[in-house]
Amino acid sequence: VPPQLPDGVSVGVAVGQPVAVSRAGPDAAFYLSDRAVALGPAAEGAPGLLQVEGPTAPELRAGRRPLDPQLLTALVNIQRRLPGLIGQPAKSFQLDGCGVLAMTTGRGWRVIFGRVLTPEEFQSLPDKLAAVRSVQPFEDFNSPALEYINVENPSQVAVHHQGDRVPAPSPPPPSPAPRPGASPAARPTAPPTPAPTPTPLPVAPCR
């Protein structure tokens, strides 16, 4: 804001360049600057820009910051690295109300990164991205059966395909048949003891 003598000032406004689009609600799509500040309503599609869905913020408007700037920087870096890393683009990122981050790839399968609420969790994203790359020799990333890869714990990557089911528990073994001529031993019976009422476990709210 330089002064203009004798009695005026000159105000210059520099509009930030958008690096992403935040979709924090059904009718709230805003361009974001590199500092994660909402610049204004985004055009439909906005090709080439990082797409971030959530968390829900119905009051999002220009000047507000729906994401942490460090997290946005990490997401932009993932978007830039992913094609060279696994041969597929990042289509969009999803962030729920509990801070759990997921990414949808160009082929439609997802990567579940887990919670990203602290700087330490932001800094863990490169290791988790490397964990996705580590399973590529064993998985067909172009397969339509691939649904998601969970790298919340990068040392124990979980891959899920369409049709994967948790195996049903095995039935208990049958009781041994009584020997011929033997009479079953009488066993004293005790009155049934009522089962104690279970105490509900506390559920921690999302923070």
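The values are calculated or read from the model by the stated rules, or taken from the named source; none is laboratory data. Worth saying up front: this structure is predicted, and the values here are computed from it rather than measured. Neighbour counts are summed over all protein chains in view; Cβ atoms, including those assigned to glycine, are modelled from backbone coordinates with ideal geometry. Note: areas computed on protein heavy atoms with side chains; ligands, DNA, RNA excluded. Shrake-Rupley method; radii C 1.70, N 1.55, O 1.52, S 1.80 Å.
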Query raised in the report: Among the residues of the stretch 141-165, which ones are open to solvent by less than 90 Å² (accessible area, probe 1.4 Å), over 19 Å from residue 100 (Cβ atoms) and in contact with a Leu (Cβ under 9 Å, 6 or more places away or on another chain)?
Result: 161
Query raised in the report: Before we move on, is residue 162 touching an Asp or Glu at 6+ places or on another chain (Cβ under 8 Å) and farther than 19 Å from residue 69 by Cβ?
Result: yes
Query raised in the report: Quick check: anything in the stretch 110-130 open to solvent by 10 Å² or more (accessible area, probe 1.4 Å), assigned to a loop (DSSP other than H, G, I, E, B), closer than 22 Å to residue 22 by Cα and touching a residue at least 60 places away in the same chain (Cβ under 8 Å)?
Result: yes
Report summary line: Flagged in the stretch 70-128 as among the small types (Gly, Ala, Ser) and farther than 13 Å from residue 148 by Cβ, in numbering order, are 74, 84, 87, 90, 92, 97, 99, 106, 124
Requested in this report: Of all residues in the stretch 1-31, count the ones that are modelled with pLDDT of 85 or more and of a type in the set (S, T, N, Q).
Outcome: 1
**Report entry** Flag if residue 104 is touching a residue at least 24 places away in the same chain (Cβ under 8 Å) and polar (S, T, N, Q)
**Finding:** no
Report task. Among what's in the stretch 58-93 and is in a helix (DSSP H, G or I) and touching a Lys or Arg at 6+ places or on another chain (Cβ under 7 Å), pick the residue that is nearest to residue 111 (Cα to Cα). Result -> 86
